[in-house]
1. If you take the Cα Rg of region D:27-86 and divide it by 2.2 N^0.38 Å, with N the number of residues, what do you get?
2. In chain D, which cysteines lack any other cysteine Cβ under 4.7 Å from their own?
3. Can you work out D for region B:25-149 in µm² s⁻¹ from Stokes-Einstein, where Rh is the Kirkwood radius over C-alpha pairs, the temperature is 25 °C and the viscosity is 0.890 mPa s?
4. Residues with amide H under 5 Å of residue B:120's amide H, sequence separation 5 or more or different chain, H placed in the peptide plane at 1.01 Å from N; which?
5. Over chain A, what is the mean sequence separation of C-alpha contacts under 8 Å (at least six apart), divided by residue count, expressed as relative contact order in percent?
6. Using only DSSP helix segments of four residues or longer, with each worth -39500 (n - 2.57), what per-residue ellipticity at 222 nm results for chain B after dividing by its residue count and rounding to 500?
7. Could you give me the ³J(HN,Hα) list for region A:117-122, computed from phi with Karplus coefficients 6.51, -1.76, 1.60 and θ = phi - 60°, whole Hz, x at Gly and Pro?
8. Taking a cut-off of 16 Å between Cα atoms, list the aspartates and glutamates near residue D:20, but don't count ones fewer than 8 places away on the same chain.
Amino acid sequence: MTFDFSNFINNFPILAIMSLFLGAFVSSLVGRRSAKVRNTVVFLSMLISLVLILALIKPVLLEGKIINYWLGNWEPVNGWAFGNSLEVDALSLFFALIVVVAVFVSGVYSFFYMSHDDSLVNYYTLFLMLSGSVLGLVLSGDLFNMFVMIEIMTFTAVALTAFRNHYEGALEGAFKYLVVGSLGSTSVLIGIALIYSQMHTLNLAQIAAMLPGYDSPVILIAFAFLFVGFGSKAFLFPFHPLAADAHAVAPASISLMISGVLTKCGVYGIIRLCYCLYQNMDQTFVQYFVTGIGVISMFVCVTMAFNQHNFKRLLAFHSISQVGYVITVIGLGSALGMSAGLFHAMNHTIFKGLLFLTAGAVQHATGSLDLDELGGLSKKMPGTCALFLIGAASISGLPPFNGFASKWMIYQATFQKAGETGNFFFVVVCVAALITSVLTLASFIKVAQSVFFGQLNLKFANTKEVSLGMRIPMWILAALCILPGLFPDKVQQWLLTPATQAAMNAPGYIDAAMGSGYAASFAIPAYQPQQIFLSGAWQPVMWLLLLISVTLAVCIVALLGGDEKATVTSEISADTDCDPKYDSFFSGEASVYSQVGGSDLFWGFKHNWRRYFSFMHDWHSGVVNDYTLYGTAAIAVALVLCVIFL
Amino acid sequence: MFQRMIDKSMAKSPWIFHINAGSCNGCDIELVSVLTPRYDAERLGFRLTGTPRQADIVVVSGPVTSQTKDRLVRTLAQVPEPRVVVSLGSCPRSGNVFKGSYCVDGPLEKYTHVDVSVGGCTPKPEAIMAALAKASEILAEKRKEMRQA
Amino acid sequence: MTTLLWTIFHVLVFPGLLFCVVVGLLLAGLDRKLVARMQNRVGPPLLQPWYDFLKCCGKETIIPRHARRGLFLAAPVLGFAALITAALFIPVFSYSVYSTSADLVVILYLLTVVGVSMIVGAAASGSPFAGVGLSREMVAMISYELPFVLVMLAVGRMAGVGTPLGVTFSLQAIVDWQAANGNLLFHWSMIPAALAMLFVIPCEIGMHPFDIAEAETEICEGTLAEYSGPPAGLFRLTHCVKMYVMCALFCVLFLGGISTGYAALDALVMVVLSVVLTFVTMSVPHAVCARFKVEQVFKFYWTVVAGLALISLILVWLGL
Amino acid sequence: MIPYLTKALGNLFRAPATEKFPKGETPKAAPSYRGRIIYHPESCINCGLCMRVCAPQCMERTIEPLPNGDQKITLTFDLTSCTFCSMCADFCSRHSIELSDDYMIVGTKPEDFLVSGTFIKKAPPPKLTPEQIAELKAKAEAAKAAKAAAEKADG
């Protein structure tokens, strides 16, 4: 019985998911006795799923093969799929890569980060189930299987948010997440039920084949429900205050998972829904609707994040505004838009993960996250400060980092869309994107000044740098931050183009599952790949060479010009501690502790927007019933709009 | 060659930082009037800076009262090397009419070496201009000594 | 090998370091002289910024106790390098060196990097005055970003009509379009955008009426409160060179059509235009009006100047 | 805003109103300007009125007795502690203190600010001892008696 390796690849997706779930089960069994055994089990399961998914890159991404795995070998019988299947095409593998890398990094981080906490067995069991369900959602080819994974994902995330129940606000945040999260899940369930009632099948490929030609109002209602359901998973506009409450109290590694990975599942759901199932992204209403939601959530969340007092709440709002970027660009419907969105989704997971881990490191070292009392930590925690600067620079889109590469493509996409359609709405979108990027930069400078620079609060005088074990995953993410920024064309060529082609290539997706020619029988237009060409140019390597050469030139001139003993005097010994020469200038006073940070920054901007901020302050009341009200209102509005315009 | 240019430019762009050690503001107004169009110290490169860190010439006016003493000493310490101290009017040099009062802590000489002094109870702007011009020459020499040392 | 030499020449001499520094210092000296003359006084010699820079190089650099030594010294160099890189990407009329490798968005973000380097320098110096300074610098950046972006989109749309995409960000295309059908400044629908850009220039550089970040009278030199010696000199040099870079950007965006045969002549025309622009946008407001308050700067830019830019954007979008 | 604009642009073409001080000659001060003190020691009689009237006490007097009873008096004015109120000049009965209109009081060493003058004050004639007084008195009466006799003789 020769063992031909070629079709063994088909089993890799299910093996990856199973290794995570199995890891959860085994670690809860064996983890009671010793931490070392539990950690190795967790590490092994994460490693296996990482290796398996990485092994899938060559066949799926580079060769464009679509792997189909029918659970229990229930192949479709004469064109009717009734079995449950995993379908891995370039798009789902792209998201699977993001998930697996994020899971591995946050798992390794939590080995050291959670050292202060107890009952870690529950933590790792829930953590592995969360990662398994997220991987399952992304790889699954069956609609109801996606719903099951959404359920597991939501409930494990809720449980993990409340893991540190001694924090004030932890249970409340988890409760809010539970209520509104289940509201989102039920709207997904209703959507699936409606589709199932019409299509009598749950397989994505078959629904995608039958649905475009099917004209009945039920389908429109299903679209509204599914869209709002996935939107709530991605914490888009009306659901965004929930994210802040959930993140502020969750442990940092879980915040990384929620903001880096869960939101991406919502985005994956929306892409599948609009591009693969309904293939209606070319209708102008759907473009306006999706882009509108994206722009609103992008702008509202960045202004909300602007004057937060808690480090993690600020990061939470920013992660929603970055997801808003992704949704805005995906809503454009153009190939460049899709690849820009996917690139930004990947970058967002990386730099947002890095920022959440630095927040965790600061909390781990100082115990507080309040921007008004922290300050001057860069002297005590130089490593974390450097990491934070890399993360902040890449999220606000400064050139050498990956944030800039994807944001640059986003501006290209939105402006080109405006150019093609000659429609002023997309110009407003492009302007909103650019302004949001500046506001993101502003809020991260606020965080940098109030947490890392300025003067050290005496309360945190003896904070020490976090252990190396926590910083290694952060350095991995930091390296990932810089690499795509320097070689965006490589990333575009290897990762983004196949994923974009796969996302737009619905007939390919259908034929892979249901046998070739199946899509043609339902008169689905064959897919012609759209050409991506850019209206500007950006060669990061050239930019970096110039920057380095100019820096060298400046240093040479400085050395040449400066006298031999370039008198850079700084405080050497401790006894010069009282030497006023090195005190910062307080117009003569002794330099007392007066940290300029937190809420006393950007007075001019806040003063001009005070009415808007007070309105937003009242609107985000923090009461669960308000949030559920916003959720149901969103569903109602979506229903009305879809029925009228779709 | 470059060093000599720097020495020369030291004299050409001396920046002033003004410390009011309890003066009656007569000298302060005269000092600022030096920057007005009529006397225009800027044509010699003088410029008023806000921080001692970027100061070359420190102009002190007023008899060093006890309140301003430690602030004066701290600010003077924060001025980077080649610096020149100019005392404006008679008060810093001797305490003028306030000599011997309980709240005046003696002449400026006690705290730092005063390079150039301008006499006069509110000296005329031309006198201040001449003093500042002299101070900038001293500044260039100090830079040269600092370099050779 | 020759390309390497050409690159070194480009980086170090013509559009790069030497040219920018010389022209920048010239513009700064001229600006101070003109402001003085408008205030009826003699004013400093033309080479005053050069003397200031040399003097700063001769001074001692003090690292304050709360400062982060590495960042404190690296910030000015990074800011200056990013600025010169931006200058390399701006084509001097027809003589474009690297402008094909970067477009308007990249230049916008490079100028942001320059602003951020000053902010990080201020943050690293750890003084409360610098803290207030960096917060004001950020508000200034937010306020001039909106009009700058609107102008950029208007020019991109106007110059992109011919291209297949309908819009363009690349400076090279903008210059070619202007060479083909007349400078943008003379298209009546672009006049408001040009006016808006004229307002953006002083705030971007931090010139007098809008220098809320380095208000020496209010917050003791704001961001540069703790800088002394060569780093302070480099920051001031960045300030001067930014005057040239912004004027060059305006010339390319709105007067790109002018192109004599030779690069040297183009450079001369660019310098002359920059002098005129410096006078109009920086010297006159400096001599005439007092410093704005922080929220006035923001309100002024997000209502008046952004309105001007929006008018021309809408006009261009209607195809006029 | 506009009036300033026209004024500023107008100034561009007008000559700047700046004195060429360090380059050109030093402008003269106002006619009765109270500047550097000039002290004429020869006319001083060391009455000490100026010292009593000077608020900042900027004068110092050193009296050095000479062998023949005279006094060598030096009076130094410390310009750095003088407020140039010219009270001393007004009260000096001998007009030996005079405030000139030289305002350029700039110096680097303390000595630049000292104005001093010395003079010799003649000793008063020696005091008469009691015998000398009695002798003088007797001589006076004798002279008076002789004069009375002479008047009687030619009466």
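Every read-out reported here was derived from the displayed coordinates using simple, explicitly stated rules and does not represent laboratory data. Everything numeric here is computed off the predicted structure, so don't read it as measured data. Positions of Cβ are backbone-derived with ideal geometry, glycine not excepted, and every protein chain shown enters the neighbour counts.
1. Values: Rg = 14.2 Å, N = 60, 2.2 N^0.38 = 10.4 Å.
Against the empirical 2.2 N^0.38 Å value, I get 1.36 for region D:27-86.
2. When partners are defined as cysteine Cβ atoms under 4.7 Å apart, chain D leaves D:44, D:47, D:54, D:85, D:92 without one.
3. So the translational diffusion coefficient is about 164 µm²/s.
4. B:90
5. 16
6. Working: 5 runs with 59 residues, N = 149.
About -12000 deg cm²/dmol.
7. 8, 10, 6, 6, 4, 4
8. List returned: B:40, B:42, B:126.
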